[in-house]
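Remarks on the structure that follows.
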Amino acid sequence: MDELYPGDPNYPALLGAIPSPPTLYVRGAVTVDDALALAIVGARDATPYGVEVAERLAGELGARGVTIVSGLARGIDAAAHRGALDAGGRTLAVLGCGIDVVYPPENRALARTIEAQGALVSQFARGAPALAGHFPARNRTLAGLSLGVVVVEAAERSGALITAGFAGDLGREVFAVPGRITSATSAGTNRLIQDGAKLITCWQDVVSELPEPWRRMIRASSSPTTQGSPRPDGQSDEGRVLAMLTPDEPQHIEQLIARGGFEPSRVAATLVALELGGWARQLTGQRWVSVGARARRT
């Protein structure tokens, strides 16, 4: 077990930038690469829809070099950790108990895997139980470790909403996955969207909202399905946007929005997908060009 203090060279830079950052106890390893981190949190009593979405988002982001941060709780948290691990990515579990305590106990095997492929992190002394009063502080640390927080399913009164509130207070992005209006587990996420959280439906929606320096750190997926990706279908968003790009005449994103009649957020997400697939390149000033076959092979 390691101890990390604010100001230490290995202390997470994002967390160190918040007011009164805590001392951290760590099992596993927190690395420099974990600065590119997004939190995925949500309901403990998750629906199959929520679990599927959390695993998919975590896997798609984790495969592209994003560290997934969550709280090792039942439901959405556990699904997010599993999704990142299954994709070969890194994940950090922020505990509301001592670093030597696993809560809930049924996640012991998951905790061991996280320790081997990321880290367990706690600000509480060894042996500290998982008390209700610990979790608001845990949620603040979880938000502080992340560039943004994605909420997947949350009731009106939910710890995930507290985490989202801390993210907003700390100047981090807040994202929410929409859910059925008749589902109690989506009432909190739908309310977040009404209050201004970014509605997301895919990993591209998340990445498109990151500041440019962080976006450039996203790598192409290492999964076999995305290596040497075929040219996008002409009827898809990617195919329609790509058809408007040329290798030698840069197009400003506003031109693409006007020409294609797209929603601005959809164009931004689509351009990110084209960039990561090797079909487009961003120049200075939000100008874009297509990338020819020869350039893609080099």
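Here are the numbers for this structure:
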item: Label-point separation in nm, ARG191 to ALA13, each point 7 Å along Cα→Cβ; result: 3.6
item: Phi to ³J(HN,Hα) by Karplus 6.51 cos²θ - 1.76 cosθ + 1.60 over the range 26-37, Hz, x for Gly, Pro; result: 10, 10, x, 9, 9, 10, 4, 5, 6, 5, 8, 10
item: Rounded tilt (10° steps) of 264-276 against the dominant C-alpha axis of the chain; result: 90
item: Between helix 135-144 and the chain: long-axis angle, C-alpha atoms, 0 to 90°, nearest 10; result: 30
item: Stretchable slack from ASP169 to ALA184, in nm (0.36 nm times residue separation minus alpha-carbon distance); result: 2.8 nm
item: Estimated FRET transfer efficiency (VAL32, LEU199; beta-carbon r; R0 45 Å; 0.05); result: 0.90
item: Gaussian network model of the chain, springs between alpha carbon atoms under 10 Å - residue of ARG259, ARG108, ARG126 with greatest fluctuation; result: ARG259
item: Vicinal HN-Hα couplings computed from phi for the range 179-190 (Karplus, 6.51 cos²θ - 1.76 cosθ + 1.60; Hz; Gly/Pro x); result: x, 5, 5, 8, 9, 5, 6, 10, 4, x, 5, 5
item: Interatomic Cα distance distribution for the range 2-213, bins of 10 angstrom, percent; result: 10, 40, 39, 11, 0
item: Tilt relative to the chain, helix 76-86 - C-alpha long axis, 0 to 90 degrees, to 10; result: 60
item: Mean residue ellipticity (222 nm) of the chain, computed from DSSP H runs ≥ 4 via -39,500 (n - 2.57), nearest 500; result: -10000 deg cm²/dmol
item: Amide proton proximity set for VAL174, modelled H, under 5 Å, gap of 5+; result: VAL149, LYS198
item: Charge context of GLY75, other residues only, Cβ under 14 angstrom, K/R +1, D/E -1; result: -3
item: Label-reachable residues, the range 120-144, where backbone N falls under 18 Å from a point 7 Å from ARG108's Cα toward its Cβ; result: 120, 127-130
item: Model label zone, SER20; criterion: amide N under 17 Å from point 7 Å along Cα-to-beta-carbon; scope the range 115-159; result: 123-125, 133-145
item: Mean projected area in nm² (Cα convex hull; one quarter of hull surface) for the range 93-145; result: 3.4
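Readers should treat all values here as calculations from the given coordinates under stated rules, not as data from a laboratory. The structure displayed is predicted, hence computed values, not measured ones. As a convention, Cβ positions derive from the backbone with ideal geometry for all residues, glycine included, and neighbour counts pool all protein chains shown.
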